[in-house]
Every structure is written in C-alpha cells, then in structure tokens.
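Report on the structure given below.
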Amino acid sequence: MKAAILKSFGSQLAIEDMPEPVLGTGEVIVDIVATRVLSYMNEVFSGERKYALDLPVIPGPGGIGRVRATGPDATRLAIGDWVFCDPTVRSRDDAVAPDITLQGLSARDAGGLKLQKYFRHGSFAGQMRLPTENVKPLGQITSEDASRWCALGTMLVPYGGFLAARLQPGETVLVSGATGNFGSAAVAVALAMGAACVVAPGRNEAVLSDLVRRFGDRVRPVKLTGSENDDRETMKRAAGGPIDCVLDIMPPSVSTTVVRAAVMTVRANGRIALMGGVGMLGGAGLELPYNWIMRNCITLHGVWMYPPDAASRLIALVRSGLLRLDEYEVTAFDLDHANDAVAHAAANAGPFRMTVIRP
Ligand SMILES: NC(=O)c1ccc[n+]([C@@H]2O[C@H](COP(=O)([O-])OP(=O)(O)OC[C@H]3O[C@@H](n4cnc5c(N)ncnc54)[C@H](OP(=O)(O)O)[C@@H]3O)[C@@H](O)[C@H]2O)c1
C-alpha cells in the first residue's frame, strides 16, 4: 500500500510502498478514504513540539474509511461499513489507568510509547490497523462526505472537555481560545450540547464577528487587550450572568496569564477544563490562588482527548442535525502531495478550516 512515512524529525514525509497491515484478533483494518492534517503537524514533524513519536512511522491522527477486515471477535462491524478511526488507543491490561497512545501522533509517556510499538502507524496511508473498539460506525455516507466527516476528530476534543466538566443544557460557557481551530469547534459543540450562551474571547475582531455570524447571539464575543484583570472583567460582563464552565484550549505559545484571565471568570462551584498545549514547551506554570479554588469549590479537570464512548455520542449529535459539519471549508490533497498538505494546513489554521489527505 502507498503511505507517507516520517523517517526522522525535520525531514519531509517520504511517499513509499509499505507492506499492508496484518490483522490480529481484537483488531480491524480500515481502508482510509480521508484523514485530517492538523495545522501544527509541521511542528510535530520538525520535532519542535517534542511529541513522543517513535520513528520511522506512518503518521496521521485517524480519519474516515471503510472496514476492510475484522477480527473474529467483532460482532457488529461488517466489511464495507463507513467508520471513524479513533486514534486514542488505550492499553487493555489496566482498566483504571490505561496507558494511552495517539496512534500515528503521540504518546503520553513511557507506557504510551510501549503501546505505540504495536499500535504504531497512523492514517496517512491506504490502510490502517486499529483496536476493534476504536472503529466507530458512521452509518451511510458518500465518499465525498468522508472529507467533512474528518471534522469529528477536531470536535471530539472539546466534546471530551465538556463531558468531563459535565456541561448541562442552559449553562453559560467560556471558551478560552475560541478563535482557534479547536476553540471554534468548542463553540459549536457547546451550543450543540445546549449551552445558553458561549463567551468567545479573542484578539481578532474579524474572526469574532464571524463566530457571531455563524451561530447568532448565543455567542458573546470579547476583544482581548492583554491586560489580565481588565480582560477578566470584560469576559464576565459579556456573559451577562455567572459563567458555569470554562474550557481552555490554547496552543503552547500562549502565556499562562492569558489562561488565568479566562479560567478565573468561573462562578463559585464552577468547573474548568484545561485542554491546551500551554506549558508544553516550558514557561511559567498556571498559578491559581489556592484560597480562590478552595473557597469557591472550583473543580479543575485536566482533559486529554475524550472517553471511549465519546465518538459514537458525537456522531449521534451530528446525525440529529444539532451539530453541523458543513461549517467546515475543506481542502483536499492526495497522498503523493502529503507534504503540500502539511504546509497548507499550517498556512490555513483557524476556525472551521480543514486540510485533508485522501489516500
Ligand atoms: N487536550 C487535548 O486533548 C488536545 C487535543 C488536540 C489539541 N490540543 C491543544 O490545543 C491547542 C490549540 O490548537 P489549535 O489548533 O486550536 O490552535 P490555533 O488554531 O493555533 O489557535 C490559536 C488560539 O490561540 C489564541 N492565541 C494565540 N496567541 C495568543 C495570545 N498571545 N493571547 C491570546 N490568545 C492567543 C488565538 O487567538 P487570536 O485569534 O486572538 O490569535 C487562537 O484562539 C494545540 O496547540 C494543542 O496543544 C489539545
């Protein structure tokens, strides 16, 4: 099969023929039809992000495809089914605190790297082999639709944060990073989950206006100035009432003072989900006053990815019409142009833009 291979950090992807994956029990092989290219894939491949990724590897954070083969223990999946390939692979020998690897992208730690030795190759290839439980049926779609369904991979991330923070219909949410690629998905997901309003801070007024144009007056834009205290007060005022839940999903370049301005807008008994890459490359820690957390009974959730059942629930939200994939503007490349796709994704980050490779 044809695949894009990362042989060393800092090199271009090599497009080569690779042996097809071999099926084992508890596994499924999927013919990949479309796979998402993250806007920061270039930083992962250059080594700048310091992601734990053993090389050489076929990268790629899962995608959309059709079942090619199932193991003897799959009871429902059938050959040809359209599926979402969830890259969040968990070890099966510790149900309480499993090791986690993001197949084709990253691992949490040494345990995740051990798991990555086997569940290694990602989706920038004709085929991908995954644990059976990571293959989520989509129902009928067209091949053309497969590109847009890749947005599931983006929307699942903030969905995981809101599930962890137990977002309830009718609540007020603040998304820190609302003008980013994952943050704008968080705005869409919060509204689909029934948030009464979403406070959307950002520095770019055009992008903020575009969020309001897309979703209406349940989105409350706030232009950030960089002054921690002023920004916090403006965000609180924009909410027009207590903020029940804050989700932060800022990139590594953002300082913790920006994050703190946002998270300390939350009401007493409120919940915070921290999902960004903040601090991943060093810098000051997130200093939150102990007394503020204690007196206000604040719940802080660190959230990496999402629980195993999240993808099926999110697919149901899309199928119901509550969450729309057609917000996304998609640019597609074939596998021979995988390096162009990576460059395009980096140059076209931001809300509701998606670069895909169609192997
Ligand atoms: N926890 C997880 O499971 C998980 C999964 C995937 C990704 N992530 C993390 O999510 C991060 C965000 O990714 P992304 O692709 O959404 O990033 P992105 O599109 O580059 O978003 C950038 C966001 O950061 C804001 N920003 C940048 N510098 C700022 C500053 N100095 N002050 C205030 N705001 C600033 C931007 O606002 P402006 O519009 O004002 O520029 C924008 O909202 C990734 O880097 C990754 O680490 C986490």
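Data for the structure
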read-out	value
For R220: the one exception among (1) of a type outside the set (V, I, T); (2) part of a helix (DSSP H, G or I); (3) in contact with a helix residue (DSSP H, G or I) (Cβ under 6 Å, 6 or more places away or on another chain); (4) away from the ligand (no atom under 12 Å from the Cβ)	(2)
Flag if E16 is assigned by TED's automatic domain parsing to the domain that holds S106, over 16 Å from H344 (Cα atoms), open to solvent by 40 Å² or more (accessible area, probe 1.4 Å) and not in a loop (DSSP other than H, G, I, E, B)	yes
Matching residues in segment 334-359 - criterion: being closer than 20 Å to M1 by Cα, open to solvent by less than 50 Å² (accessible area, probe 1.4 Å) and assigned to a strand (DSSP E or B)	V356, I357
Search result, residues across segment 263-308 that are among the small types (G, A, S), in a strand (DSSP E or B) and within 16 Å of the ligand (Cβ to nearest atom)	A273, G302
Residue ID - farthest from A262 (Cα to Cα), chosen from residues in segment 285-303 that are under 23 Å from the mean Cα position of the chain (by Cα) and aliphatic (A, V, I, L, M)	V303
Tabulated pairs, segment 5-34, first basic (K, R), second modelled with pLDDT of 95 or more, C-beta under 9 angstrom, 6+ apart or interchain	K7/L13; K7/A14; K7/L55; K7/P56; K7/V57
Those residues of segment 174-207 which are more than 10 Å from the ligand (Cβ to nearest atom), farther than 17 Å from V258 by Cα and either open to solvent by less than 10 Å² (accessible area, probe 1.4 Å) or not in a loop (DSSP other than H, G, I, E, B) (or both), in sequence order	V187, A188, V189, A190, L191, A192, A195, C197, V198
Residue within segment 115-133 that is in a helix (DSSP H, G or I) and within 16 Å of the ligand (Cβ to nearest atom) present	no
Selected residue (criterion: nearest to the chain's Cα centre (by Cα)) from residues of segment 75-91 that are open to solvent by 20 Å² or more (accessible area, probe 1.4 Å) and touching a residue at least 60 places away in the same chain (Cβ under 8 Å)	R90
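The values are calculated or read from the model by the stated rules, or taken from the named source; none is laboratory data. It should be emphasised that the depicted structure is a prediction, and the values quoted were computed from it without experimental measurement. Note that each Cβ is placed from the backbone with ideal geometry, even for glycine, and that neighbours are counted across all protein chains shown. Surface areas here come from the heavy atoms of the whole protein model, side chains and all, with no ligands, DNA or RNA. Shrake-Rupley method; radii C 1.70, N 1.55, O 1.52, S 1.80 Å.
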